[in-house]
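What follows is a single structure, written as structure tokens, with notes after it.
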Amino acid sequence: MCNCKEMTAKFAELDEIIEKHKDERGALIPILHEAQEVFGYLPYEVQERIADGLGVSMAKVYGVVTFYSQFSLKKKGKYKINVCMGTACYVKGAGDILGKFLERLSIDVGECTPDGKFSLDSCRCVGACGLAPVVTINDEVYGRLTPEQVDEIMNQYELME
């Protein structure tokens, strides 16, 4: 992490978040959620600041971050692509769709493109089995996909700002 003004401002915001929640029961998870909104992910320095602010061990913070799938240790892209690999989606070709995204983006699952525009993940189930196979990009759901549709979807996002 750099020492630029933006990071200083983000850490000041994190300190405010910790202060706001620190006396609440179960404060760790709400703080982690808000911290991830501020930073986009939860790097070591952020986890350490939260642990110090709450007076808990770094192991406890890291344990929570790595247990819950909504928390990320790696930077995410502006467009977060998530390919459902649950049973219904997998049986209907999600592996091929994931392969097409891997090829198109030239990154691995869990990574972000160098320009910070896209990140790619897979998950167990998004709860839309009737639309299998399913991909989400941020809050947009794409169902009944084929590998051929990946290029069309990606072209739309690449044209955006």
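The values are calculated or read from the model by the stated rules, or taken from the named source; none is laboratory data. Just so it is clear, the model here is predicted, and its values are computed rather than measured. Cβ sites come from the backbone with ideal geometry, for glycine too, and all protein chains shown count toward neighbours. Please note that ligands, DNA and RNA were not included when accessible areas were found on the heavy atoms of the full protein model with its side chains. Shrake-Rupley method; radii C 1.70, N 1.55, O 1.52, S 1.80 Å.
Which whole-number percent is the relative contact order of the stretch 39-146 (Cα, under 8 Å, 6+ apart)?
On the way: 168 pairs, mean separation 28.8, N = 108.
With pairs under 8 Å counted, the relative contact order is 27 percent.
Per residue, how large is the accessible surface of the chain? Use a 1.4 angstrom probe and give square angstrom. Intermediate results must be reported in sequence, preceding the final value.
Working: 9430 Å² over 161 residues.
Accessible area per residue, the chain: 59 Å².
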Cross-link reach list, lysines versus residue 20, counting only Cα pairs under 22 Å and skipping chain neighbours closer than eight places: 10, 60
The stretch 40-152 - percent of accessible surface contributed by carbon and sulfur, probe 1.4 Å: 51
Most fluctuating residue given options 94, 27, 51, as computed from a GNM of the chain linking Cα atoms under 10 Å: 27
Contour excess over end-to-end distance, with Cα ends at residue 68 and residue 151 and 0.36 nm allotted per residue: 26.8 nm
Leading residue at positive end of dipole, the stretch 34-151 (Cβ point charges), from 90, 116, 102: 90
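Counting Lys and Arg as +1 and Asp and Glu as -1, what is the net charge of the other residues whose Cβ lies under 10 Å from the Cβ of residue 150?
On the way: positive: 100, 104; negative: 96, 103, 148, 151, 152.
Here the count lands on -3.
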Volume in Å³ per residue [convex hull over Cα atoms, computed for the chain]: 127
Cβ-placed point charges (K, R +1; D, E -1), dipole of the chain about Cα centre in debye, nearest 20: 400
Backbone N under 14 Å from the residue 7 label point (7 Å along Cα→Cβ), restricted to the stretch 43-58: 43-49
Rounded to 5, percent antiparallel among DSSP beta bridges of the chain: 55
Listed residues 79, 125, 58: farthest to the positive end of the dipole of the stretch 1-139 (Cβ charges): 125
Expected 222 nm ellipticity per residue - DSSP helices of 4 or more, -39500 (n - 2.57), all of the chain, to 500: -15000 deg cm²/dmol
